[in-house]
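**Q** Got a structure for you, written out below as structure tokens; questions coming shortly.
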Amino acid sequence: MDTERRAFIKKTCGLCASIVGISVLASALEGCASLIYVKPELVKGVLKVPLGSFVENSKLVIVRNAVLDYDIALVKSGDNTFRSFELKCTHQDNALVATSTGFFCNLHGSSFRIDGTVNVAPATANLKEYKTMVNGELVEIIL
């Protein structure tokens, strides 16, 4: 594991531990260290993610691009359809921490389910969703 990733995990997991109880923390962070990150180019408002990014039984890929202010969660459903969500808290525009089971805001404790819906307030609005479609061997996220 590279040092940058290790530092990120240590920082975000530590923040979560300081905010939520240990029993909640265990389920919230179960996939924290095993998330897949991709960095596709943004071309004409479209991010193209290879279907091969979803390895084994993974249902979540984090899409990162230097032009974007926030990462995007690309979620695969059992029927091979995809949805994508901006990882920005709808409460106060804070970046969300992604886990394999949902998304957590370390600023005020809001959390969102893997389908982008609010799980815990103070956020009341669901995550922003982008149009997502499969085109051959690529999943396209239209911004």
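**Q** Let me check I've understood the local charge: for Phe85, count other residues with C-beta under 11 angstrom from its C-beta, Lys and Arg +1, Asp and Glu -1. What total comes out?
**A** In short, 0.
**Q** Same structure again: Provide Asp71, Asp93, Asp115 in ascending order of the number of other Cβ atoms located within 10 Å of each residue's Cβ, fewest first.
**A** Sorted ascending by nearby Cβ count, the order is Asp93, Asp115, Asp71.
The numbers here are math on the coordinates, done by the rules we state, and not lab data. Owing to the predicted nature of the structure, the values given are computational and were not obtained by experimental measurement. Here the Cβ is made from the backbone with ideal geometry for all residues, glycine too, and neighbour counts use every protein chain on show.
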